[in-house]
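The values are calculated or read from the model by the stated rules, or taken from the named source; none is laboratory data. Only a predicted model underlies this, so the values are computations on that prediction, with no experimental measurement involved. Here the Cβ positions follow ideal geometry from the backbone for every residue, glycine too, while neighbour counts run over all protein chains shown.
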Amino acid sequence: MRFDIAKSGTGLTYEIRNIVGVADKLKDYGKEIIWENIGDPIAKGEKIPQWMKETLMEILSDDISYAYSPTKGVNETREFVAEQVNKRGQYHLRMDDIIFFNGLGDAIARSYSAIRIDARIIMPEPTYSTHLLAEIHHASFPPNTYRMNPYHNWHPDIAELERKVKSHNTIVGALVINPDNPTGFVYPEKTLRKMVQIAREYDLFLIFDETYRNLIYNGQETLPLSDIIEDVPGMSMKGISKEFPWPGARCGWLEVYNADKDETFARYISAILTQKMSEVCSTTLPQLAIPRIMAHPEYHKYLESRNRHYEKLSNIAFSILKDVPYIVVNRTNGAFYMTIVFNEAVLNGKQKLAIEELAVRDYVEKIVDGKIENDKRFVYYLLGATGICLVPLTSFFTALPGFRLTLLEKDVSKFEKTMNIIAEKIVEYIESSK
Ligand SMILES: Cc1ncc(COP(=O)(O)O)c(C=O)c1O
């Protein structure tokens, strides 16, 4: 090359995928891996119901499903999506205020990249990596965050949010993930209304990632942004990756609220749309499937049965882990993740787990040798010792050491066994340096 062509990155990595490389290597050494790292229900054995497959096959037999679609998305689908919001009666959404993307990952990347470089979005900490990476990538400066508090059932620190918004006038918007990834927190109405009030008071717009909006259990309730936003500019991000679940379809959408009430916000939305136009449109097939699947008589029963399963696993994990020393454990009430935090100062760079296979031990010890976060060290040792593949919590951009697991396992007794092993290994690991 005539000169160095690669743009310098942020130095941050996407650990949810990164750890797969390490686990794959251990697989080569004969280790059986229990994948607890990625939020893909299909990869964890979720069976797509026959009625859903038949609906898709019908759509596939129509040639129109092979065509490009309008830039903002298939008209009948946007009408259907708008109707879902409108029938709740709190906000009137026009189909023209809905834009489809190739997965929410695409919507997230485009939404942050259309923001001026010196304008910042404050986000939860820990946070789902794609949002944080996209925000940092656009601004090239460290993020502004508000803490989710593990000592208060993962409730966000609203006072911190307000304090930061008040003192940093570069903050133009706030992100909320409800239900949350990675904590599994479900926002109560009162907290959501307070956030809307802060946005109104400080002239911010709101981004609500509502990917997991229909995956809520343990008797919890919340409200969508459209029900509470009133006259504040904002957008909701929704998709089918987790809900159908069809992550491989790469289909998600933005619902834009109150662009007609704020000229600056309207210009921002039009910048997102201009980017989208250069790409023609998003994948047509999954868009055509949305009204037919969501309106199918079996859909709600299917979602309900999945929610009952996550609820069961959430309670199994909670009851096994809650009395384990050295960690903070909260029950998950939404999405399908559980995040465990280590108590302050219980981890150090010397703890270990016994790993039987010599090649695996050598490999793990090579990785943990050197400067590595304490929770990453635990996660790699656990992987080497047991094959259980978790994600270190610090990869969700927080200083809190811990790990995230999923509630996706289909085999309940296997899940119970995995939780018991994790419980036992936490104690063994912490006490190994005593
Ligand atoms: C909170 C949240 N938003 C967005 C996404 C990305 O979804 P998609 O598959 O539509 O890109 C995920 C995926 O895990 C997620 O957890």
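Conditions tested, residue by residue: (1) buried (at least 16 other Cβ atoms within 10 Å of the Cβ); (2) within 30 Å of GLU416 (Cβ to Cβ); (3) not assigned by TED's automatic domain parsing to the domain that holds GLY334.
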| site | (1), (2), (3) |
| --- | --- |
| GLY239 | yes, no, yes |
| GLY248 | no, yes, yes |
| LEU254 | yes, no, yes |
| ILE269 | yes, no, yes |
| THR274 | no, no, yes |
| SER282 | yes, no, yes |
| PRO286 | yes, no, yes |
| SER314 | yes, yes, no |
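One residue stands out among those in the range 335-352 that are assigned to a loop (DSSP other than H, G, I, E, B) and crowded, with 20+ Cβ neighbours inside 10 Å: the one that is nearest to the ligand (Cβ to nearest atom), which is ALA335. Criterion first (surrounded by fewer than 19 Cβ atoms within 10 Å (Cβ to Cβ), away from the ligand (no atom under 15 Å from the Cβ) and within 23 Å of PHE265 (Cα to Cα)) does ILE228 satisfy it? Here the answer is no, as ILE228 does not meet what is asked. Checking the structure you have, find out if any residue of the range 65-74 is hydrophobic (A, V, I, L, M, F, W, C), loosely packed, with under 15 Cβ neighbours inside 10 Å and closer than 30 Å to GLY387 by Cβ. No: zero hits.
The helices (runs of 4 or more DSSP H) found wholly in the range 1-93 and carrying at least 3 residues that are within 24 Å of ILE421 (Cβ to Cβ) occupy 15-28. Residues of the range 95-121 that are over 21 Å from ALA249 (Cβ atoms) and either within 16 Å of the ligand (Cβ to nearest atom) or assigned to a loop (DSSP other than H, G, I, E, B) (or both): TYR112, SER113, ALA114, ILE115, ARG116, ILE117, ASP118, ALA119, ILE121. Taking the condition in contact with a helix residue (DSSP H, G or I) (Cβ under 6 Å, 6 or more places away or on another chain) and more than 15 Å from the ligand (Cβ to nearest atom), does ILE158 pass? Yes: the conditions hold for ILE158.
Restricting attention to the range 190-225, and to residues there that are assigned to a loop (DSSP other than H, G, I, E, B) and more than 16 Å from the ligand (Cβ to nearest atom), which single residue is surrounded by the fewest Cβ atoms within 10 Å (Cβ to Cβ)? Going through the qualifying residues, I end up with GLY219.
Scanning for something more than 29 Å from GLN84 (Cβ to Cβ) and among the hydroxyl-bearing types (Ser, Thr, Tyr), does the range 286-304 turn up at least one residue? No, there is no match, as no residue in the range 286-304 is more than 29 Å from GLN84 (Cβ to Cβ) and among the hydroxyl-bearing types (Ser, Thr, Tyr). The residue pairs whose first member lies in the range 33-59 and is of a type in the set (A, V, I, L, M), whose second member is surrounded by fewer than 16 Cβ atoms within 10 Å (Cβ to Cβ), and whose beta carbons are closer than 6 Å, counting only pairs six or more residues apart or on different chains, are ILE33/LYS27. Counting the residues of the range 235-287 that are of a type in the set (Lys, Arg) and away from the ligand (no atom under 13 Å from the Cβ) gives 3. When CYS281 is tested against the conditions (1) in contact with a strand residue (DSSP E or B) (Cβ under 8 Å, 6 or more places away or on another chain); (2) assigned to a helix (DSSP H, G or I), the lone failure is (2).
Inside the range 153-191, residues that are closer than 26 Å to ALA139 by Cβ, without any contact (Cβ under 8 Å) to a residue 40 or more places away in the chain and in contact with a Ser or Thr (Cβ under 8 Å, 6 or more places away or on another chain) make up a count of 2. Only one of these conditions is not met by GLU344: (1) more than 23 Å from ALA23 (Cα to Cα); (2) in contact with a Phe, Trp or Tyr (Cβ under 8 Å, 6 or more places away or on another chain). Which number is it? Checking GLU344 against (1) more than 23 Å from ALA23 (Cα to Cα); (2) in contact with a Phe, Trp or Tyr (Cβ under 8 Å, 6 or more places away or on another chain), the one that fails is (2). Within the span defined as the range 321-334, one or more residues are assigned to a helix (DSSP H, G or I), away from the ligand (no atom under 16 Å from the Cβ) and buried (at least 17 other Cβ atoms within 10 Å of the Cβ).
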